[in-house]
1. Tell me, please, whether a residue that is at pLDDT 90 or above and either under 26 Å from residue 21 (Cα atoms) or surrounded by fewer than 19 Cβ atoms within 10 Å (Cβ to Cβ) (or both) can be found in the stretch 134-141.
2. What helices (runs of 4 or more DSSP H) completely inside the stretch 31-94 contain at least 1 residues that are under 13 Å from the mean Cα position of the chain (by Cα) and modelled with pLDDT of 90 or more?
3. As an exercise: evaluate residue 14 against (1) buried (at least 20 other Cβ atoms within 10 Å of the Cβ); (2) assigned to a helix (DSSP H, G or I) and give the number of the one condition it does not meet.
4. Take the stretch 111-130 and flag every residue that is at pLDDT below 90, in contact with a helix residue (DSSP H, G or I) (Cβ under 9 Å, 6 or more places away or on another chain) and under 23 Å from residue 31 (Cβ atoms).
5. Do we find a residue being farther than 24 Å from residue 5 by Cα and without any contact (Cβ under 8 Å) to a residue 40 or more places away in the chain anywhere in the stretch 52-61?
């Protein structure tokens with residue numbers, strides 16, 4: 001039976017729908033970044049009563065290049081995850097990576113002020129986007145590919161031709177910016193352990209990747225244990 005990739009389709013649909021709604025609001029004169037920060041972006045208030053902000057930011061994109069890049073990444077890494085992890089594990093990795101990584105990104109920016117309602121990220125600034133979820137998937141898939149490389153990438157030439165270029169475009173396009181690439185350490189841009197100076201969640205990306213690696217290891221361990229008891 002063919003995989004219908006239902007989870008990936010739903011995730012893409014939600015992200016694109018939210019993007020369309022936000023841009024309709026922008027066309028009607030609403031300052032969209034301030035709106036996102038106030039109502040659906042990940043800010044310190046998520047820990048002080050506005051608990052929905054732990055989830056909503058993972059589906060928020062404002063710029064066309066942001067939704068395009070992340071949609072391509074979800075299409076590439078999401079379908080792989082759904083095929084090899086299964087729907088339930090896939091969505092767990094996606095959500096857990098997003099939840100933990102965006103918290104880590106905000107904690108780096110705010111420090112201890114995160115818990116005492118005294119963190120000012122600046123006007124209109126908040127954490128949002130699906131990229132932390134995506135980097136969690138990348139980390140988990142990397143671990144999976146090491147353990148099952150013939151399963152993940154060796155199934156057909158068609159898969160290689162489809163996923164290889166898309167993965168390369170998503171990784172490079174998400175993190176390399178024309179003004180940032182030559183001004184700062186390239187490793188900081190690519191791997192997310194440098195300062196947040198590019199308009200991207202560099203700390204969140206790096207944190208999500210590590211979280212994904214840990215989750216990938218857990219998936220392998222749990223599956224090995226499951227098979228050992230059969």
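1. Among the residues of the stretch 134-141, at least one is at pLDDT 90 or above and either under 26 Å from residue 21 (Cα atoms) or surrounded by fewer than 19 Cβ atoms within 10 Å (Cβ to Cβ) (or both), which makes the answer yes.
2. Numbers: elements: 32-35, 64-73, 79-85.
Hits in the stretch 31-94: 64-73.
3. (1)
4. 119, 120, 121, 123, 124, 125, 126, 127
5. Initially, the stretch 52-61 is screened for residues farther than 24 Å from residue 5 by Cα, giving 52-54.
Going one step further and asking which of them are without any contact (Cβ under 8 Å) to a residue 40 or more places away in the chain, we end up with 52-53.
So far as the stretch 52-61 goes, yes, one or more of its residues are farther than 24 Å from residue 5 by Cα and without any contact (Cβ under 8 Å) to a residue 40 or more places away in the chain.
The values are calculated or read from the model by the stated rules, or taken from the named source; none is laboratory data. It should be emphasised that the depicted structure is a prediction, and the values quoted were computed from it without experimental measurement. So basically every Cβ, Gly included, is an ideal-geometry build from the backbone, and we count neighbours across all protein chains shown.
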